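Okay, structure first, notes after.
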Amino acid sequence: QVQLVESGGGVVQAGGSLRLSCAASGLTFWRHAMAWFRQAPGKVREFVAAISPPGRTYYADSVEGRFTVSRDNAKLMVYLQMNSLEFEDTAVYYCSSKGLEVSTEAYEYDYWGQGTQVTVSS
């Protein structure tokens, strides 16, 4: 049974930082692309960042240069370091996985975590 469990969300002032973590279990982690998506109230779920099995990274334009995605294959962990947070980054952040290739489309991901709330106060 595949499980993805996010942690690290919270409330932070604009300009601050947070680090999200995602603990994976039940899958061949090193063969899976891992991604972060987010969903704000009243909006569709959107791609934030992804990392391929060997570690190539991809970012949405809105977070490029501010967010960093990383993975630790030995620990089955994925991280999202978020710096210079803006009010518009407020959303529920989801960890997701799919086999092999990275995608920016949510429908292509097989497994999802329960989400963690990030709130940026202006």
Expressed in square angstrom to the nearest 10, the accessible area of Glu108 with a 1.4 Å probe stands at 70 Å²
Loop-only trypsin sites (Lys or Arg not before Pro) in region 46-86, please: DSSP not H, G, I, E or B, and at most 14 other Cβ atoms within 10 Å. Arg56, Lys75
Give me the 1.4 Å probe accessible area per residue for region 16-111, excluding ligands and nucleic acids, in Å². 50 Å²
With 0.36 nm assigned to each residue of separation and the Cα-Cα distance removed, Val11 to Ser103 gains 30.2 nm
Is the shape of region 40-96 rounded, prolate or oblate, going by the alpha carbon gyration tensor and its root eigenvalues a ≥ b ≥ c, with a/c under 1.5 for rounded and a/b larger than b/c for prolate? prolate
Portion, in percent, of the accessible area of region 7-122 that falls on carbon or sulfur, probe 1.4 Å: 49 percent
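The values are calculated or read from the model by the stated rules, or taken from the named source; none is laboratory data. Please read these numbers as outputs of a predicted model, since none were measured by experiment. Positions of Cβ are generated from backbone atoms using ideal geometry, with glycine treated the same way; all protein chains shown enter the neighbour counts. Accessible surface areas use protein heavy atoms only, side chains included; no ligands, DNA or RNA. Shrake-Rupley method; radii C 1.70, N 1.55, O 1.52, S 1.80 Å.
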